[in-house]
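These notes concern the structure reproduced below.
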């Protein structure tokens, strides 16, 4: 069971059921103006009430003030003053500002969260993080109440895996490449984050997704703005990162350019204990390994967007990533408690990635194409000296070419909206590997493979209101997927399958301040290209990692029922089933003293539980967010002669406390703690872990400078330990990463208009 209580600091969509005075606010194009402040006054200018427009641009007051005066204000539009004696004000059209905005005199309290009609939870990042220590986009994700960090990945609580998309479109980057991009992207470039428990089909993603919406600056005059940032880290080693971002824009177009440079020193220790049986004899094997890796990374991004005629737009995005990864690994191996082998291992890994995306949309049609070109070159030299002498040399290359074309359409038909589209995908991966030993420990390995994948997705979806309080969205996607591997002229079809992916989202407004949301999603997860690479990567002469070209994708079926109270609290039930689930398992060879770590598919994994997040605002200076989840999990499958059918109750809890330390609200403190209960992963037992951090942020008046001092993993307890007692799989593996460190992040912003601190209307009696 999973249990989480989810904070949503938004009250934009909470409107009173019966309004005596109401109206609609739109711009000149007829689009609704969201979060406009609406002030109700008597004709003698006496203040009566205030509210904000919802996601449809609507507002309402349950007041009998006739005649009255309405004042409508928004940071992007000119203020409107209207006097009337009619209960219905009708439609009010706001005119965009042409001058630089220096000050807003009156504003309603901004909302952190609102629920969109498509079921997305939309977070206003500026409001969410205004007192939080964030230095990049990954820091922002950790501030989202519905998101939890699982290892190096980020998932929506109560879901089986989450896809991160940018501006409504998935990328062709690997998870590692995407993390590198987000870790070097300034938080000022992010406007909002959308949380989808069931992603609409037109986004090209199945299942749960996090959509990061980037800022688009629009002004009549040509503007130039940007920012500089750097971060200094001290853990086991010292290292630093830095970058610069620029935006050039006017009313019709914007061009964003970014560059990031990182120089990273990473360290981890690995302790492996194994009772390894070879031909009826059991050996007590212990391997102590430490690794030091130097990483130099460069990233360049360019994003150009232009508004065309007839409400259409064109976007062109380019990204270049270069990585130089050079780890050194030292290992000491004992067999039956006697020193046996010492090894020294050196790698040189060079990677580059080019990604380009072009997209046109006009409100109904979305047409786009993207391409990725990736290359990895790896050289390894391992030398061992003790009771025997060995030397290994290996060379590996992987080249990937990926292409994607898509056409989507969305049209209003009667009371509902029809969406449909087609996506076409093709990739070609070339793997080359060459290994030599100076002794006959293993035959020389030389191979070359080419793997091709292609798929075609077609989807159709429908959404419409159900009565006065309900909203239903259903979709169906049909996918054809084909994978083929070629080696030494022989071609083998790995998979050729048809998949059907249904999905459903239903939202019901029970009463003001209470929303019930039901989602069902189906998905298919595909292994990474590196996991499909059949090459062997030796950590030391005893332990290696190897790919599995026979690895199959696995399906996911996810059911969520969430209750949202006052747009702040969420409690939810969930259940998920994953046939052919894949995970990494340690496998000891039965005929020699050698073990591998490989991804395998097993029968299934399923879990069900309860989740939620509870926010507590103690006063204006202190607030707390408590998150928790509890679930029952079952894993069933086999690895050659190892059979397992296991279940366990597990879960996690996290607590985040924010403190504003001074009256100008320029100094804030954040203290975070997270605890993961013991869990299972296939045949493995995963021990519990504890993560703690403290951050101090100083943002002087004016908002140009931002300083963050952070300490992470304060007690050095964020360690991963896996164990197994399923014969012949009898081992423990403990990994201690360099997760305890201190960092100082500095960011400076320049150009463009300077935002002023907004004066606030007292809205505490209005439910805000």
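The values are calculated or read from the model by the stated rules, or taken from the named source; none is laboratory data. Quick caveat, the model's predicted, so the values are computed rather than measured. FYI the Cβ positions are ideal-geometry reconstructions off the backbone, even for glycines, and counts take in every protein chain you see.
Here are a few things to note about the model shown:
- Residues in the stretch 502-527 that are under 22 Å from residue 576 (Cα atoms) and either outside the structural domain of residue 582 (by TED's automatic domain parsing) or assigned to a loop (DSSP other than H, G, I, E, B) (or both): 526, 527.
- Filtered by the rule that a residue be out of contact with any helix residue (DSSP H, G or I) (no Cβ under 8 Å at 6 or more places or on another chain), surrounded by 13 or more Cβ atoms within 10 Å (Cβ to Cβ), at pLDDT 90 or above and within 27 Å of residue 415 (Cβ to Cβ), the stretch 477-515 gives 478, 501, 504, 506.
- Residue in the stretch 628-637 that is touching a residue at least 12 places away in the same chain (Cβ under 8 Å) and not in a strand (DSSP E or B) present: no
- Per-region count, the stretch 566-587, residues assigned to a strand (DSSP E or B) and more than 20 Å from residue 550 (Cβ to Cβ): 9
- Condition met for residue 366 (part of a strand (DSSP E or B) and over 30 Å from residue 432 (Cα atoms)): yes
- Condition met for residue 524 (at pLDDT below 90 and more than 23 Å from residue 608 (Cβ to Cβ)): no
- Some residue of the stretch 306-323 being under 30 Å from residue 586 (Cα atoms), in contact (Cβ under 8 Å) with a residue 40 or more places away in the chain and either assigned to a strand (DSSP E or B) or touching a strand residue (DSSP E or B) at 6+ places or on another chain (Cβ under 6 Å) (or both): yes
- Count - residues of the stretch 551-563 that are assigned to a strand (DSSP E or B) and over 22 Å from the mean Cα position of the chain (by Cα): 1
- Qualifying residue in the stretch 334-356 (condition: within 30 Å of residue 310 (Cα to Cα) and either part of a strand (DSSP E or B) or not assigned by TED's automatic domain parsing to the domain that holds residue 593 (or both)): yes
- Residues considered: 137, 92, 147, 112. Of these, the only one that is at pLDDT 75 or above, in contact with a helix residue (DSSP H, G or I) (Cβ under 6 Å, 6 or more places away or on another chain) and within 30 Å of residue 508 (Cα to Cα) is 147.
- Just one of (1) outside any strand (DSSP E or B); (2) within 19 Å of residue 232 (Cβ to Cβ) fails for residue 703. It is (2).
- Just one of the listed residues (270, 261, 232, 228) is on the phi < 0 side of the Ramachandran plot and free of Cβ contacts under 8 Å to residues at least 40 places away in the same chain, and it is 261.
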